[in-house]
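*Asks:* Structure in structure tokens, see below.
The values are calculated or read from the model by the stated rules, or taken from the named source; none is laboratory data. Bear in mind the structure is a predicted one, so any value in this text is a computation, not a measurement. Positions of Cβ are backbone-derived with ideal geometry, glycine not excepted, and every protein chain shown enters the neighbour counts.
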Amino acid sequence: MPDPAASTAPAAQLHADQIAYWNGIGGAQWVARQAHTDAMLAPVANLAIDRLAPPPNASVLDIGCGCGATTLMLAARLPEGRVTGVDVSAPMLTVARGRGAGIGNLAWLCADAATHPFPAGGWDLAFSRFGVMFFGDPVAGFANLRRALRPGGRLLFACWRKLAENPWMGVPLAAALPHLPPLPETGPEEPGPFAFADPERVRRILTDAGWRAPTITPGDVMLDLAGGQGLEAAVESATRMGAAARALRDQPETVREAAREAIHAALARHATADGRVALAGAVWLVASEAPAA
Ligand SMILES: C[S@@+](CC[C@H](N)C(=O)[O-])C[C@H]1O[C@@H](n2cnc3c(N)ncnc32)[C@H](O)[C@@H]1O
């Protein structure tokens, strides 16, 4: 059954837009903010990798591995195994390669995970932290990933729950919105950070793609927007990454400055004396299995 994406844009166009984004401004922002983002999102990495619980000799495919944070963590957990990080963003993967230099059980692949002809049954486990919500045709993409796993292989990924459950993005966005012209409508199922917020949609995509019915459980974390470096660092983070940053992109400097001041005031309410600006983040941990042959 085709996935009824809410957008009227064709899936191929949405997919191509994402690849361009991650090789353009999106990738550049992640590269520039890699250390800060790794620290901020570490609670999600820990939660998801613990839930994956890879045996020490497993082979793991890390999908949309970006600058390699979770790939490196997985490599350290697999003394007798191996991990392959795949990402479509050349600039992000360049950073990942540099960080992984000299680590023997790591490989990198610059490819579109939704369409790349992976060796069939090449991995035991597929993992992703926030790297699987950007496929224009998610059913086809997840069918492709299923073929990359051995029969009975397991999938575990983390994706965002809805914006209202993610104040770390919602608080800066709500502060910025009064200063912005109306934002373009985006369908709730368009590729993007919240594309998998609806667990029923995720369930449908995975089963249509030939995976076993998934187990979808909530994960709740506190995310320190400041990385322990105080309010200004948190404001910088909120205006460079996440929902407010996306809304502010392409706005004139006067608008950006007014929104920045509003974000500063909103985040100040969450700043603590130890330099943290921690707000709640909410993910789904989605686990499934490739059927045995
Ligand atoms: C939100 S970032 C997450 C990066 C990384 N997993 C992390 O948590 O640090 C999303 C990543 O998915 C990658 N991505 C998006 N579409 C992809 C595709 N079709 N194939 C492979 N990677 C893709 C992007 O290039 C980006 O690195």
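*Asks:* Can you pull out every residue in segment 137-171 that is basic (K, R) and buried (at least 18 other Cβ atoms within 10 Å of the Cβ)?
*Replies:* Within segment 137-171, the first condition is being basic (K, R), and the residues that meet it are 146-147, 150, 154, 161-162.
Across segment 137-171, the qualifying residues are R146, R154, R161.
*Asks:* OK, next. Which of (1) in a helix (DSSP H, G or I); (2) at pLDDT 95 or above; (3) more than 10 Å from the ligand (Cβ to nearest atom) is the odd one out, the single condition Q13 does not satisfy?
*Replies:* Result: Q13 passes all but (2).
*Asks:* Look through T215, T272 and report the one residue that is at pLDDT 95 or above, over 23 Å from the mean Cα position of the chain (by Cα) and β-branched (V, I, T). Can you show your working first?
*Replies:* On the way: T215 fails: over 23 Å from the mean Cα position of the chain (by Cα).
Testing whether each residue is at pLDDT 95 or above, over 23 Å from the mean Cα position of the chain (by Cα) and β-branched (V, I, T) leaves just T272.
*Asks:* Among the residues of segment 40-59, write down those that are within 21 Å of P218 (Cα to Cα) and touching a strand residue (DSSP E or B) at 6+ places or on another chain (Cβ under 8 Å). Outline the logic, then answer.
*Replies:* Of the residues in segment 40-59, the ones within 21 Å of P218 (Cα to Cα) are 40-54.
Passing the criteria: M40, L41, P43, V44, A45, L47, A48, I49, R51, L52, P54.
*Asks:* Is there any pair with a first residue in segment 138-152 that is in contact (Cβ under 8 Å) with a residue 12 or more places away in the chain and a second that is part of a helix (DSSP H, G or I) and among the charged types (D, E, K, R) whose Cβ atoms are under 8 Å apart and which are 6 or more apart or on different chains, and what are they?
*Replies:* V139/D208
Per-residue answers, yes or no, for (1) closer than 23 Å to P151 by Cβ; (2) free of Cβ contacts under 8 Å to residues at least 40 places away in the same chain:
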{"residue": "A58", "(1), (2)": "yes, no"}
{"residue": "G66", "(1), (2)": "no, no"}
{"residue": "A90", "(1), (2)": "no, no"}
{"residue": "G98", "(1), (2)": "no, yes"}
{"residue": "L109", "(1), (2)": "yes, yes"}
{"residue": "A113", "(1), (2)": "yes, no"}
{"residue": "P117", "(1), (2)": "yes, yes"}
{"residue": "S128", "(1), (2)": "yes, no"}
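*Asks:* Given the conditions (1) at pLDDT 95 or above; (2) farther than 30 Å from L78 by Cα, report the number of the one that P184 does not fulfil.
*Replies:* It is condition (1) that P184 fails.
*Asks:* In addition: With the condition being surrounded by fewer than 17 Cβ atoms within 10 Å (Cβ to Cβ) and of a type outside the set (V, I, T), I'd like the strands (runs of 3 or more DSSP E) fully within segment 25-129 carrying at least 1 qualifying residues.
*Replies:* Values: elements: 59-63, 82-87, 106-110, 123-129.
Per the criteria, 106-110.
*Asks:* Here is a follow-up. Please go through segment 231-255 and give me each residue that is β-branched (V, I, T) and more than 18 Å from the chain's Cα centre (by Cα), ordered by number.
*Replies:* Filtering segment 231-255 for residues β-branched (V, I, T) gives 235, 239, 254-255.
Correct list: V235, T254, V255.
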